[in-house]
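The values are calculated or read from the model by the stated rules, or taken from the named source; none is laboratory data. Please read these numbers as outputs of a predicted model, since none were measured by experiment. Virtual Cβ from ideal backbone geometry, glycine too; neighbours counted across all protein chains shown. For accessibility, only protein heavy atoms count, side chains too; no ligands or nucleic acids. Shrake-Rupley method; radii C 1.70, N 1.55, O 1.52, S 1.80 Å.
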Amino acid sequence: MQLVYGFASNIPASLNKSCIFAVNKVNPSLTKYAEAQEDIMLKIRLDIGQVEMKDGNVQMTGNRLGIDNLQLQLRGKDKSPNMHVSLPGANGPNPQLSSGPKSLVVVNKGSYVDLTGTHSIKLEDGAWEMVWRNNAAAGALICAFNLAEEVKRNDAGIPRGRFYLTFPLWTSESLQDLRERKAKAEEKAVEAIERHESEVRMMQETNNPLMKALHFRNACKAHEDLDYSGYRSYQKMPLERDMIHLEDNIHLCSLGTIWTKKEGWFGDHVLLGSARVTDGRDDLATMVSNTDRKLEPARNDLHP
């Protein structure tokens, strides 16, 4: 007998190792997905403040600090320099699940406003990675930075040191499949809720003890069917949010999280706020178009 993740197991050690290896295999297309994101531009708004998780959703409470117009350019084919923030995938317990640290360019550092005026945040040692387990429907895009100086307004802020932005990723196929499964789960859930309400109503209306027991049993069965419909799990997935269509049919969720990690190998993760991302290529195309218009030669209708 041996311990596996803290539990006693009679499975042979050789089989356990092969099972763990199978679970921790990387998505075979991960390298291709990451390299395809060459020169992708992302525009990000950070919403910092006290955070609570409710029904799988991030909810901001208390004072808040907004950091606008952080613009990043991903380099999918360039490895990050040696001096970069430790990444949770590449530098974590399962580095084989990561694309490896990639280079990024901070096109615009982002800024916030307080009583003294507008301030830019000082980001250093930036890097990014994709993490995607084999056979998993979703992966993650993670950007990492060192913040040179604490950013704070009232009791909302980001402490000096490393922090991370994480956004869910899907392929076109996996996103469509999950949306279809969610729709079916919701149909089952609605039917189970209606059946539960009907059985409870009939149980309350009848005076027959046997019928009361029958309707009670049916109501319990409907509640069980609701639990097994899986709709609660799908509710926590941001499948209906706006998506950014990246290269190679990858979809990036527009809502992500901002977090940091306390020092030490087993340091706790601390949620700092939420991040909203838009396609920075749209802004770049607008800038180029405006520049082209400015460079057009002036017409002179009087010239023959």
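For this structure, a couple of remarks:
- Whichever residue in the range 149-178 is of a type outside the set (A, V, I, L, M) and in contact with a helix residue (DSSP H, G or I) (Cβ under 9 Å, 6 or more places away or on another chain) and, among such residues, is farthest from residue 37 (Cα to Cα): 173
- Residue that is farthest from residue 109 (Cα to Cα) [pool: residues in the range 44-69 that are at pLDDT 70 or above and under 15 Å from the mean Cα position of the chain (by Cα)]: 47
- Test set (1) more than 30 Å from residue 155 (Cα to Cα); (2) open to solvent by less than 70 Å² (accessible area, probe 1.4 Å); (3) at pLDDT below 90 - residue 299 fails condition number: (2)
- Enumeration of residues in the range 85-98 that are open to solvent by less than 60 Å² (accessible area, probe 1.4 Å) and touching a Gly at 6+ places or on another chain (Cβ under 7 Å): 90, 97, 98
- Of 99, 80, 103, all but one fail to be modelled with pLDDT under 90, closer than 25 Å to residue 36 by Cβ and among the hydroxyl-bearing types (Ser, Thr, Tyr); the exception is 80.
- Residue within the range 189-210 that is within 30 Å of residue 38 (Cα to Cα) and assigned to a helix (DSSP H, G or I) present: no
- Residue satisfying all of: in the range 111-123; outside any loop (DSSP other than H, G, I, E, B) and open to solvent by 50 Å² or more (accessible area, probe 1.4 Å); nearest to residue 32 (Cα to Cα) among these: 120
- Meets criteria (farther than 22 Å from residue 230 by Cα, in contact with a Leu (Cβ under 7 Å, 6 or more places away or on another chain), at pLDDT below 90 and assigned to a strand (DSSP E or B)) for residue 126: no
- Residues satisfying the stated conditions in the range 141-175, i.e. of a type in the set (A, V, I, L, M) and in contact (Cβ under 8 Å) with a residue 40 or more places away in the chain: 141, 142, 144, 151, 156, 158, 165, 169, 175
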